[in-house]
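The values are calculated or read from the model by the stated rules, or taken from the named source; none is laboratory data. Every value quoted in this text rests on a predicted model; they were computed, and no experiment measured them. Counting neighbours? That spans all protein chains shown, and the Cβs are built from the backbone with ideal geometry, glycine included. In case anyone asks, the SASA skips ligands and DNA or RNA and just uses the protein heavy atoms, side chains included. Shrake-Rupley method; radii C 1.70, N 1.55, O 1.52, S 1.80 Å.
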Amino acid sequence: MHLRGPNIWTYRPVIEVWLDIGRFEQLPSHTLPGFTQRLTDWLPGLAQHRCGVGEPGGFLLRLDEGTWIGHILEHVVLELQTLAGMRTGFGKTRQVKEGSGIYKMAFRTRNEAVGRMALEEARNLVLAAVNDQPYDIAATVIKLTDMVDSLCLGPSTSCIVDAAGEQRIPFIRLTEGNLVQLGHGSRQRRIWTAETDRTSAIAEYISSDKDLTKSLLSSCGVPVPAGRIVESADEAWEEAQDLGLPVVIKPVDGNHGRGVSIELSTKAHIEEAFELALIHGSEVIVERFIRGNEHRLLVVGGKVVAAARGESAWVIGDGLASIQELVDSQLNTDSRRGHGEDFPLNRIDIDQDVAIQLELARQGFDSHSVPEHGMEVLIQRNGNVAIDCTDEVHSDIEELVVLATQVVGLDIAGVDLVVEDVSKPLIEQGGAIVEVNAGPGLLTHLKPAVGYPRPVGGAIISHLFPKGDRGRIPIVGITGTSHTTEIARLIAWLLRLSGEKVGLACQEGLFLDRRQVSTRHSVNFDAGQRLLMNRTVSAVVIETDAKAILKEGLSYDRSTVAIVTDTQGAESLNEFFISEDQQVFDVMRTMVDVVLPDGFAILNAAEPSVMGMAPLCDGTVILYHASESLAAIIEHRTNHGRAVFVREGQVILARGNEELTLNARGSLKLNDSGVLTENTILAAAAATWAMGLPPELIRAGIETFEAEHASAHPPGSSVKAKKKK
Amino acid sequence: MEISKTRALRGPNLWSRHTSLEVIVNCDEAEQDISSIAHFEERIRNRFPQLANLQSRQLPRPVTVAHVLELAMLGLQAQAGCPVTFSRTQVTNEPGTYQVIVEYSEEPVGKMALASAEALIRAALNDTAFNLEDVLSNLRELDEDVRLGPSTGAIVHAAAARGIPFRRLTSGSLVQFGWGSRQRRIQAAEMDCTSAISESIAQDKELTKRLLEAAGVPVPTGRPVRDAEDAWAAALEIGLPVVVKPQDGNQGKGVTVNIDDREPLEIAYSVASEFRDDVMVEKYLAGHDFRLLVVGDKLVAAARREPPMVVGNGKQTIRELVEQVNADPRRGTGHATSLTKIRLDEIATAQLAMQGFTADSVPDKGARVVLRNNANLSTGGTATDVTDDVHPELAARAVDAAHMVGLDVCGVDVICDTVLKPLEAQGGGIVEVNAAPGLRMHLSPSFGKGRDVGAAIIGNLFPEGEDGRIPVVAVTGTNGKTTTVRLIAHLLGASGLRVGMTNTDGVYVNGRQIDSGDCAGPKSARNVLLNPTVDAAVFETARGGILREGLAFDRCQVGVVTNIGSGDHLGLNYISSVEDLAVLKRVVVQNISPDGMAVLNAADPIVVPMAENCPGKVTFFALDRHLPVMAAHRARGKPVVYVEEGAVIAEEGTRKYAIPLKNIPVTREGAIGFQLQNVMAAVAAVWAVNSDWYSISQGLFTFRAEQHNVPGRFNFFDYKGATVIADYGHNPDAMKALVEAVEALPAQRRSVVISGAGDRRDDDIRDQTRILGAAFDHVLLYQDACQRGRVDGEVIALLREGLEGATRTTTIEEIRGEFVAIDMALQGLQAGDLCLILVDQVEEALAHIAQRVKASDSGNTH
């Protein structure tokens, strides 16, 4: 089972596996000859697993002492995921019943498919180790790594999502790609790698048109490589003199630098370059040559948050080796060079890189040429832009770069800049901005080849969510077996009255504001997520039950309010190996566990097992019960706690000794209410009071609920009729 | 006939507010009276019968070829469908030379019309052929090509109706509305706030469907299925009828629709699985295609769309039926009409084949034969407006859909029987949402009422009452413009605005110089209006730019005319008198917005009458509030600015603000008269934008006309105890002002260094020294670096002539080279002397003086 939300094991998504280990119940690890050795040969990383002991080596100790195969499987799964590049840590294995051989094992995974595959391979691996059969660990790791690369969030997106996590901002992945919703409901924002929902499509269009970008930038005083299209070699020379030598001559529509000649200063060279460019494009442009290094500056919301510099790559000839050989021995040996996103620098493969071929051709070489001893050969003019220089950027450059993004209209952009020294003003050095890119890659700044990584994910999160905004809307969770749907509907109605756009998922279906969107039983993960994805919803009320928590986990990570009416119903959970109330408690407590520190647990004071959850709550506990003389309520109030109860037919909202009467005018007749039970009113009043609704509004809402409820429903399906099981 | 110059006047100009071509035409003697050219009129009318009547009484006598060119350019554009009406031919002071001004709606079309009109006239003169039909169709084609498409056009039109300025940023449909920091952009029906992510979502049909479903919007739900068994299970979950199709399939291959039983479903599954392994079962939606247009949170238009089709009559072939339909005069070929001709092309043939027809089949009477699978207007479909029929619940779902995807302008495709009922009540659904939807079907539907969707989009970009304009102050006049512009910019900046400024020294945005050189023309001003960081703009508006291109803006909030005096640069570009110059500079005043303000110099009799031409209010300024113009204006409770009791006073009705001159350092406590003029003009201008008097007075206090601030404008130096003043004055009025200012300063001996610019009239050059001769003891004449067309020594001779009979001057020296002259003047100075240096190469000369001052050891500048 993939538990997608907070669950009985942990707050985060896990895969829960039921294992029947059969004969292995009698065969703990130390009884299997050579097993541990084979296992650790294949997976030396297991030595780092802490397990119960709490320090590296803990798990090895357990293997030596003898531990059961389910537990071993758990560690193997986690290790395989780690080897595949997925960061996880949590795993737990519990026997369902002493001596039964049946275990529930849960392990953290960031992707269900990867998790399932890792599990399958872990089983194969463990069995191979048991049976002393060969196992191709390398192939498995490659397979899993490929899956991680294609199925998990890319590095740019994950750095943003991780930063959101650090700010306690929830996220929902909307596709298998990199489209992610941050926050919930009406407070949500979306990102798609380094694009945000504020990234303008028109701005992207502008940035993709280099000439348009250049002309807009230059109109606003941002230095760009000035240039002009020329018709003839003579005109090219004239224009070059106007622009100032040296110049670049290139075809307007060329690619990979074909037909580009740079740093031209003489008439002869310029005329030659014109002819060359003409071969490779329909029109030829002469541009001022900008001396310096290529820089990439990342701008987020009007600030430069990271900057990196490129460096040219050279080899030195020895009179024997070819350029390709020199590249391999002098450049590709660098440990930072490799293939794929994890390496800050690419391996240089001259045959695959037209730009390098052209650079060599300009020097009169190709990859097979053998330069003389001591001769320096330029391989890449601007190699990978990967040397962090964030702290060096001059304020004048920052100002111009930010202006460039504003002119184009992008909130997040990677600005390419050519300048000799980024720590000095741009214009006096003759530097220029050459490109403004939408959806820039963040990896350069996360994994620079030289220098510190920059917290660009955090910068994007602060841009999307100003300080203190966590993108959260109020979430009210309700669980138990007694009138939970009724409570949910009443709270939804009260919140609507207070002006919220309310989403409600309960047994009776899914509701958006007044509208019933689905009549299907909606106590499940998907229904809850559906509400949280809705961009208009400003508050949600989600009913849940033990079964849903066991099967899928909660549909939200944290809640504002958790209401628990009781912990009944163990008898219906036999399929989950649950038979005792204490086990139900362990399931239901998840609700209270996820209450935010500024949230509330609304607990039925009459149920001792529910009362047992009070210490688990990070937020405030509010008790409810008809009688104020209940010992739990008296004690809670003595400690300045909050409680809701009935006195002489009136609902009292109490905080320590302070009391508010909900039905001050006495118009709310509890006992006459045709629909609502007393506990429903108390729980709902407690929840909405906790959320800051004024008592008058709560009272008015309770009074009008019945009428509203009747009108919102098709005839013949009253709450009463539905309530009967 | 010879055309010596063509200019595109891209903004309000000397002749009109219309964008126009101005052509300088030289006619030989015969061409100055067409009646003297045998058969000319007859020949030209034969070639272009629609040419306006040349015998019209509106035309002067004799009618010249220039006039014919004018009428031909206008007539050709009109015949090609361009909405142009303005034209004029102006006789110049050069015999046989005319200025022909003809409006254009698109510059390239105007230029082509000019070339065509010229060809027409030559054809008539030489009695050669002229193919009118070709010419007109070329013009039409070019016009269709370059003008805005119907969607963008409708939005731009709506903006214009609300007084929102616009500017095309590309030859495509990217348009900027408003200016500076208040600007917005659109590209067709896409706004600058339209999110790229939302557009990507809209392009992903499955993702869109999932999101819409989450939002409770009815969509054809479905899921991938494993096998025929699972397909039936899925069909039951979804509810019959269903569609079975290959996932990501295209062009309807392998798709079976409207399946309502198990057996056909199984067949459909096997058909679909032949095309792809992944098969989908989806809810089948029946009904019409509707397109709902959502803008912001409102449904603004809805249309029912039908694919191109013909209805059989049992007699004619499909080909004949299509021809019949295409005979409808409303069906055109481009985007301009509400219907487009149906094409019987490959796609149509394939579509026919799927229905078992060829183009030559004869369908039964009443049979509907669809010729294309989509209902786009551009391929011959039809659209019927149903906006008023849409049920509010249905409209709400369309808005939900747009909102969920995140599109602020969104075309929502709906399939249902009728829009009169909610979708849920009829099993309808939303099948697609489109970013940047076409608007043509709503603007000019084939049937029903057109909807002003452009206005809805503009309303979304600019809330009621906002027009995207930032305050624009245009400053013109003969002298003091640059300082006034700098002062105004400084004062606006002091109130917290980010100011863009253009003047003869460059372009400045928020204090940063982004361009240098003479930037007092419209190009630089347009750049400032484009800059997203500019909250207010101040433009020096020189004559050259107005003549060359017109104004950079359609109207400004404040127009300042510092003075006209006796003018400058007279004799150039057919501006030969002070009156001509006044008419030209008046263009600024004429194009002040109705709620704007003209700031006019009440002491200048040529400036005062411009008040009559101002669509907005007028503030007069003058030192003396008792001038009749000032007194009358003040008596009527209108705003005036003057100087009284050592303070600059701004007064309007009962409101009165005073700023003591001692707190305005640039005037040297009022001693420098022309700076007082500049201060009054600037105060009046800023007052019209923002009457925060605290920031105005603070700004005046912090403004110093030092070298770094206004180079070449009365820059003070202290050289060995003598006062040296450098200035770039170069016309008689400037001389007068300088003399006045210099006389207010105490000094023992006074000397002046001057050269004359060769491009002035002889009289104007003489006048300069005539004025100086009354105020300076010693005059050093030097030869200008650039003689601007004069022979060597000619200018110096004129300057000398001006000094004949000078009342004060006792010594005159002639020197070659500006720096030599400066050095010589400095050498002769003693403590307490005063030397005015009229610099020519401003930057170099100032640097030179500064260096000398520094070397003299007493190097403090004020």
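Does B:LEU321 fit the bill of being touching a residue at least 12 places away in the same chain (Cβ under 8 Å) and closer than 16 Å to B:VAL431 by Cα?
Criteria not met by B:LEU321.
Restricting to segment B:789-819, and then to whatever is aliphatic (A, V, I, L, M) and more than 47 Å from the chain's Cα centre (by Cα), can you tell me which residue is most open to solvent (accessible area, probe 1.4 Å)?
Of everything passing the filter in segment B:789-819, B:ILE812 is most open to solvent (accessible area, probe 1.4 Å).
Restricting attention to segment B:756-782, report how many residues are open to solvent by 20 Å² or more (accessible area, probe 1.4 Å) and not in a helix (DSSP H, G or I).
So the count comes out to 5.
Is there a residue being open to solvent by less than 60 Å² (accessible area, probe 1.4 Å), among the aromatic types (Phe, Trp, Tyr) and free of Cβ contacts under 8 Å to residues at least 24 places away in the same chain anywhere in segment A:50-64?
Yes, that holds for at least one residue.
Just a yes or no: is a residue in segment B:68-90 at pLDDT below 95, more than 18 Å from B:ALA8 (Cα to Cα) and part of a strand (DSSP E or B)?
no
Of the numbered conditions (1) open to solvent by 20 Å² or more (accessible area, probe 1.4 Å); (2) on the phi < 0 side of the Ramachandran plot; (3) among the small types (Gly, Ala, Ser), A:GLY468 fails exactly one; give the number of that condition.
Of the numbered conditions (1) open to solvent by 20 Å² or more (accessible area, probe 1.4 Å); (2) on the phi < 0 side of the Ramachandran plot; (3) among the small types (Gly, Ala, Ser), the odd one out for A:GLY468 is (2).
How about segment B:159-179: which of its residues are within 14 Å of chain A (Cβ to nearest Cβ), open to solvent by 30 Å² or more (accessible area, probe 1.4 Å) and either in contact (Cβ under 8 Å) with a residue 60 or more places away in the chain or assigned to a strand (DSSP E or B) (or both)?
Residues satisfying the conditions are B:ARG167, B:ARG168.
Output the residue which, of all residues in segment A:407-450 that are over 22 Å from A:PRO225 (Cβ atoms) and within 13 Å of chain B (Cβ to nearest Cβ), is farthest from the chain's Cα centre (by Cα).
Out of the qualifying residues, it is A:ASP411.
Listed residues A:THR661, A:THR620; which is open to solvent by 50 Å² or more (accessible area, probe 1.4 Å), modelled with pLDDT of 90 or more and either of a type outside the set (A, V, I, L, M, F, W, C) or farther than 19 Å from A:VAL476 by Cβ (or both)?
When all the criteria are applied, what remains is A:THR620.
Please count how many residues of segment B:439-462 are closer than 19 Å to B:ASP192 by Cβ and more than 14 Å from chain A (Cβ to nearest Cβ).
Count: 9.
Only one of A:GLU120, A:GLU74 is assigned to a helix (DSSP H, G or I) and surrounded by 22 or more Cβ atoms within 10 Å (Cβ to Cβ). Can you tell me which?
Just one listed residue meets the conditions, A:GLU74.
Condition check: among the charged types (D, E, K, R) and modelled with pLDDT of 80 or more. Does A:ARG337 satisfy that?
It is false that A:ARG337 is among the charged types (D, E, K, R) and modelled with pLDDT of 80 or more.
For segment B:487-497, does any single residue satisfy the condition of being open to solvent by less than 30 Å² (accessible area, probe 1.4 Å), of a type in the set (S, T, N, Q) and away from chain A (no Cβ under 14 Å)?
no
Please specify each residue of segment A:77-112 satisfying the condition of being surrounded by 22 or more Cβ atoms within 10 Å (Cβ to Cβ), assigned to a helix (DSSP H, G or I) and not charged (D, E, K, R).
Matches in segment A:77-112: A:VAL77, A:LEU78, A:LEU80, A:GLN81.
Are any residues in segment A:232-291 open to solvent by 80 Å² or more (accessible area, probe 1.4 Å), under 44 Å from the mean Cα position of the chain (by Cα) and not polar (S, T, N, Q), and if so, which ones?
A:ASP253, A:HIS256, A:ARG258, A:ARG291 - these are the residues of segment A:232-291 that are open to solvent by 80 Å² or more (accessible area, probe 1.4 Å), under 44 Å from the mean Cα position of the chain (by Cα) and not polar (S, T, N, Q).
Looking at segment A:472-564, what helices (runs of 4 or more DSSP H) fall wholly within it and have at least 1 residues that are over 23 Å from the mean Cα position of the chain (by Cα)?
Filter on segment A:472-564 gives A:484-497, A:546-552.
Taking into account only those residues within segment B:395-414 that are aliphatic (A, V, I, L, M), away from chain A (no Cβ under 13 Å) and over 34 Å from the mean Cα position of the chain (by Cα), which is nearest to B:ARG451 (Cα to Cα)?
Among those residues, the one meeting the criterion is B:ALA395.
Hey, B:LEU120 hits all of (1) over 18 Å from the mean Cα position of the chain (by Cα); (2) farther than 18 Å from A:THR199 by Cα; (3) at pLDDT below 95 but one; which does it fall short on?
That leaves (3) as the condition not met.
Can you find, within segment A:217-231, the residue that is surrounded by the fewest Cβ atoms within 10 Å (Cβ to Cβ) among those that are farther than 18 Å from A:VAL418 by Cα and within 11 Å of another protein chain (Cβ to nearest Cβ)?
Checking each candidate, the answer is A:SER219.
Find all pairs meeting these conditions: Cβ atoms under 7 angstrom apart; at least six residues apart or on different chains; first residue within segment B:210-237 and away from chain A (no Cβ under 14 Å); second residue assigned to a loop (DSSP other than H, G, I, E, B) and surrounded by 23 or more Cβ atoms within 10 Å (Cβ to Cβ).
If the second residue must be assigned to a loop (DSSP other than H, G, I, E, B) and surrounded by 23 or more Cβ atoms within 10 Å (Cβ to Cβ), the pairs left are B:PRO220/B:LEU285.
How about segment B:392-406: which of its residues are open to solvent by 10 Å² or more (accessible area, probe 1.4 Å) and among the aliphatic types (A, V, I, L, M)?
Hits for segment B:392-406 are B:ALA395, B:ALA396, B:VAL399.
Within segment B:470-527, can you find the residues that are over 18 Å from B:ALA684 (Cβ atoms) and assigned to a strand (DSSP E or B)?
B:GLY500, B:THR502, B:ASN503, B:GLY506, B:VAL507, B:TYR508, B:VAL509, B:ARG512, B:GLN513, B:ILE514, B:ASP515, B:SER516
Please find, within segment B:498-513, the residue that is farthest from the other protein chains (Cβ to nearest Cβ) out of those that are in contact (Cβ under 8 Å) with a residue 40 or more places away in the chain and surrounded by 24 or more Cβ atoms within 10 Å (Cβ to Cβ).
Once the filter is applied, the top-ranked residue is B:ASP505.
When you go through (1) closer than 26 Å to A:GLY317 by Cβ; (2) open to solvent by 30 Å² or more (accessible area, probe 1.4 Å) one by one for A:ALA386, which number turns out not to apply?
Here A:ALA386 meets the rest and fails (2).
So A:GLY185 fits all but one of (1) more than 10 Å from chain B (Cβ to nearest Cβ); (2) surrounded by 17 or more Cβ atoms within 10 Å (Cβ to Cβ); (3) more than 21 Å from B:CYS410 (Cα to Cα); what number is the exception?
(3)
For A:VAL502, indicate whether it is more than 11 Å from chain B (Cβ to nearest Cβ), free of Cβ contacts under 8 Å to residues at least 60 places away in the same chain and open to solvent by less than 30 Å² (accessible area, probe 1.4 Å).
Yes: the conditions hold for A:VAL502.
Criterion first (free of Cβ contacts under 8 Å to residues at least 12 places away in the same chain and open to solvent by 30 Å² or more (accessible area, probe 1.4 Å)) does B:SER516 satisfy it?
yes
Suppose the filter is open to solvent by 50 Å² or more (accessible area, probe 1.4 Å) and either in contact (Cβ under 8 Å) with a residue 24 or more places away in the chain or within 13 Å of chain A (Cβ to nearest Cβ) (or both); does B:ASP192 pass it?
no
For residues that are at the interface with chain B (Cβ under 10 Å from one of its Cβ atoms) and touching a residue at least 40 places away in the same chain (Cβ under 8 Å), scanning just segment A:194-204, find the one that is most open to solvent (accessible area, probe 1.4 Å).
Result: A:ARG198.
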